[in-house]
Structure formats: structure tokens, C-alpha cells
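Before any comments, here is the structure.
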Amino acid sequence: MGSLADEEDTDVEIYRRYGDPTVYADSRTGADEKLLQLLDTLGFERKNPMPMYTWHELPQGITDRESLCATRAWVVLANLGYTVNLDPELHCLNTERMVRSALTPKANALAESHEHTATPTVSAMPAAKHARSL
């Protein structure tokens, strides 16, 4: 069983399934613990019913903050070098601007202190067939 991140060849896919109010963050199968911990820290709850298959969800009942949490995670993870797709319906431009401006002075220090070295890419075929990619 693979994840959407495996299918889209990204590190993380942040999206909402059609008709489902839950916001998911699918990471690659066998993702490193640092990435999983970052998603935990960014407000997502870890789910792993099987040893090799792990995903994250935003907690139920935070619908007024979903776009903020999803956009913040997208910007932070991409800034750290992960390839991340974000469903455009979850994108909040104001949150993106705020997080980017807050990260700018700290970006080099964060990137240097983090061991993951992948380069963010822009995907021609975004996650869930219509997501934003960094």
C-alpha cells in the first residue's frame, strides 16, 4: 500500500479528499522520522495503522484554521528542502506571506541545522491533480 506522496513522487501531499472534511498530509512510505516529527510539530496528528504506512491528519474541529495550518506546513517544509504539494483549496495567501516573511531571516539557520537536503521543485502535475507545489 503506497501513499499519494509515493504516487506523485513528492515528500508530502497536503490535501482534502473529495467529500471528506479531513485534511491529510501523506508522506512517502518509509519517510524519515525527522519529517514525521515536523508534521507532528506543525499541528498534524500522526496515524500509522501498519508499520510502513504513516500519514497525518489535522485534528477534527479546527475548520477555521485548516488553511492556516496547511499553508504553514507547506511553506515550512518546502523551506527545509522537502518537496511538498498543497491542494489550492487549502491555500491561504495571507498565511503564506506571513510565514515566508517570518522565515526569511531564519531560513539559512533552519536549513543548515536540518539534515534533509532535497531541493523544492515545482510539479507540472500537482497532488490530487490540482495542488500547489513549492
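A few remarks follow.
- In this structure, Arg65 and Tyr18 have a Cβ-Cβ separation that, at R0 = 30 Å, corresponds to a calculated FRET efficiency of about 0.90.
- Chain lengthening between Asn48 and Ala102 when straightened (0.36 nm per residue, less Cα-Cα): 16.2 nm
- Cα pair distances in the range 1-93, grouped into 10 Å bins until the bin that holds the longest one, percent each: 18, 57, 25, 1
- With all protein chains in place and ligands, DNA and RNA left out, the 1.4 Å accessible area ranks Ser101, Ser27 as Ser101, Ser27, largest first.
The values are calculated or read from the model by the stated rules, or taken from the named source; none is laboratory data. Fair warning: this is a prediction, and the values are worked out from it, not measured in the lab. Every residue, glycine as well, gets a Cβ built from its backbone with ideal geometry; the counts of neighbours run over all protein chains shown. Note: accessible area is taken over every heavy atom of the protein model, side chains too, but ligands, DNA and RNA are not part of it. Shrake-Rupley method; radii C 1.70, N 1.55, O 1.52, S 1.80 Å.
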